[in-house]
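Everything below concerns the one structure shown next.
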Amino acid sequence: MKRTIDKLKSMGEDAKKIFDIIQKNGPLTKAQILGISKFKLTTLNRIMNPFVTDKLIVESSIGESTGGRKPTLYDVNLRDYAFVGIDISRIYTQVVFTDLKLNIIYKERFNMDKSHTPKKTVDRIIDICEKAKKIPELKNKETIAAGLGTVGPFDIKRGIMKSAINFMAEGWEGTEIKDMLQEKLKLDFFMDNGANAAVIAEYKFGSGKDLKNMAYFNFGMGIRTAVISNGNIIRSINDAEDAFAHMVINVDGIKCSCGNFGCVECYSSIKAITEKFKQKIIDGENTQIKKQVENINYIDISEAAEAGDIVASEIITQAAEIFGTGLANFINLLNPQLVVLSGPLIMASELFYRVSEETAKKKCYFSKHTNIFFNRGGYFKENAISVGAVAVAIENLINS
Ligand SMILES: [Zn+2]
């Protein structure tokens, strides 16, 4: 018998379309699927019957009737299959197991520190996967494939993280992450940069589900960006996700890690905020934070700002104003309907989110003419990249 993975891989164009509709919108009646797909019933039956036989699509439950016999509903099989989604960032690593609709069945996260070299990180991911597969909810499911969302830029074909800077541990530059993980997971494996993974999840299943244009920003150690324009993901050379971070916002600005001067990232990233705050304390300014200077992190600064610490709120406000100005330029250029701001800094600091949104709206040309929606965290919040990694895997499988 054909393996499930081969069934997913061998779909024709029409089958892909139907599978996509049901995966995204199910459970649906055949009448509803016909309405969305515009296929004829005979064509739909021809496509659907093998799906049902192969148990990729199942008759889920009974739909609402307008009188007479109740119609059957169809949905993707949520009972028999699982996927692994991995999010490796410079601050944390997260592993999830999901079903075919990206519902999380298992989730585990650990912080990255100076000891987390590629080898140690991969070992911990594999341990988590082994443990997860034994839980009752996963024991009887077939794990089909794995996806990874991580820090670009990389060689996506060979699965190499080309110049992964700012990891706390040594050895991340040039990491052959695909080979390292695939060898141990023994699954089909796909990867994309973290921001792209997140925007695919939000666009297909989350806050951008009904839209054609959206932008996603992830604030962690750096600022990672992804864009869906007219239903397509915009890809750059090297699959870099930090292009926006190096938009020049100050012509007389300070030197950036990229070698240029005055980039957004010099002022608005976790690294920039933390370094600036520490310097103020070293220079003798007062703060509510009672930790040793070297141990202060962005969470302390965010919490202090919310509690009224003047130095912390000034630094966060300035950082957000600069980011918001860059964001206004970005919106003018691409005109998204929705802007999702997410990642560790956004989830920790309500102030940073609010000032960013206010500044972008104030300085943006388009906001006076059209409605742009902002969303803090999106639908998937801190799970967006790991769940998005599953979406990347499924999409690649179906299109391979
Ligand atoms: Zn730069």
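Key figures
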{"item": "Accessible-area composition of the chain, carbon plus sulfur, in percent [1.4 Å probe]", "result": "50"}
{"item": "For CYS258, solvent-accessible area (1.4 Å; no DNA, RNA or ligand), Å²", "result": "70"}
{"item": "DSSP beta bridge pairing in the chain, given as percent antiparallel to the nearest 5", "result": "60"}
{"item": "Where GluC sites (Glu not before Pro) fall in DSSP loop in region 253-318, at most 16 other Cβ within 10 Å", "result": "GLU285"}
{"item": "Sequence-distant aspartates and glutamates (8 or more away, or on other chains) whose Cα lies within less than 16 Å of LYS119", "result": "ASP87, ASP127, GLU170, GLU173, GLU176, ASP179, GLU183"}
{"item": "Tilt relative to the chain, helix 310-334 - C-alpha long axis, 0 to 90 degrees, to 10", "result": "50"}
{"item": "Trypsin sites (Lys or Arg not before Pro) restricted to DSSP loop in region 266-340 with at most 14 other C-beta within 10 Å", "result": "LYS290, LYS291"}
{"item": "Helix-only mean residue ellipticity at 222 nm for the chain, each DSSP H run of n ≥ 4 adding -39500 (n - 2.57), per residue, nearest 500", "result": "-12500 deg cm²/dmol"}
{"item": "Centroid-to-centroid separation of region 313-365 and region 275-301 [C-alpha atoms, Å]", "result": "24"}
{"item": "Restraint check, LYS255/LYS278; LYS107/LYS381; LYS30/LYS70; LYS120/LYS162; LYS70/LYS204, Cα-Cα greater than 22 Å", "result": "LYS70/LYS204"}
{"item": "Nearest-0.05 FRET efficiency for LYS133 and ASP6, computed from C-beta distance (R0 25 Å)", "result": "0.70"}
{"item": "Solvent exposure of the chain as accessible area per residue, Å², 1.4 Å probe", "result": "46"}
{"item": "Per DSSP, loop GluC sites (Glu not before Pro) in region 115-196 with at most 11 further Cβ within 10 Å", "result": "GLU170"}
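The values are calculated or read from the model by the stated rules, or taken from the named source; none is laboratory data. Computed from a predicted model, the values in this text were never measured in an experiment. Virtual Cβ from ideal backbone geometry, glycine too; neighbours counted across all protein chains shown. These accessible areas exclude ligands, DNA and RNA; they are computed on the full protein's heavy atoms, side chains included. Shrake-Rupley method; radii C 1.70, N 1.55, O 1.52, S 1.80 Å.
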